[in-house]
Every structure is written in structure tokens, then in C-alpha cells.
Amino acid sequence: MPIYEYHCKACNSTFEELVFGDETPSCPKCKSMETEKLISRCSCHFGGGSGSFDLPSAPAPSGGGCAGCSGGNCSTCGH
């Protein structure tokens with residue numbers, strides 16, 4: 001079962017919840033039902049080692065680049 005990250009609009013807290021089907025969890029802090037599912041980044045962990053890593057994000061559109069880009073193999077945007 002997936003664990004999702006939620007934000008409570010009533011008390012402004014963020015929490016994770018194991019969700020079954022389409023149920024919407026209440027906030028564990030204030031018990032409000034005014035919660036919204038957040039979009040979270042994926043992360044992978046491979047056994048055998050102590051390291052984990054984030055999956056790379058999609059490359060930026062060509063011709064652009066990020067603010068930290070110095071032109072050539074940028075680890076943030078791929079330029």
C-alpha cells in the first residue's frame with residue numbers, strides 16, 4: 001500500500017499516511033478533514049549498500065538551463 005504525503009489546510013502541518021483506495025485521511029495533529037495530497041519526489045534504495053539516491057529529474061528544455069548552470073554537464077538541469 002502506498003504512503004502519501006499530505007498537507008493540512010487547517011493547522012498548516014505536513015504528514016505522511018498509509019492510504020487504502022480513495023480515502024482522505026484526517027490530520028493527526030488537529031483531526032481536521034481539510035487535507036490535500038502533496039506531489040512528492042520519488043526516491044529509490046537498493047539493498048547491499050548503505051547509500052540511497054534520488055531518481056534524476058527530467059532534463060530542462062534545450063536552450064535554457066538553470067541559474068547555477070555554467071554550460072556543460074550541470075547536475076541540476078542536465079546542461
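Data table
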item	result
Total formal charge among the other residues, if their Cβ is under 13 angstrom from that of SER13, Lys/Arg +1 and Asp/Glu -1	-2
With 5 Å bins from 0: P(r) over the range 3-42, alpha-carbon pairs, percent	6, 28, 36, 20, 9, 1
In nm, spacing of pseudo-spin labels at SER26 and LYS9 (7 Å Cα→C-beta vector)	1.8 nm
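The numbers here are math on the coordinates, done by the rules we state, and not lab data. Since this is a predicted model, take the numbers as computed values, not measurements. Ideal geometry is used to build each Cβ from the backbone, glycine not excepted, and the neighbour counts take in all protein chains shown.
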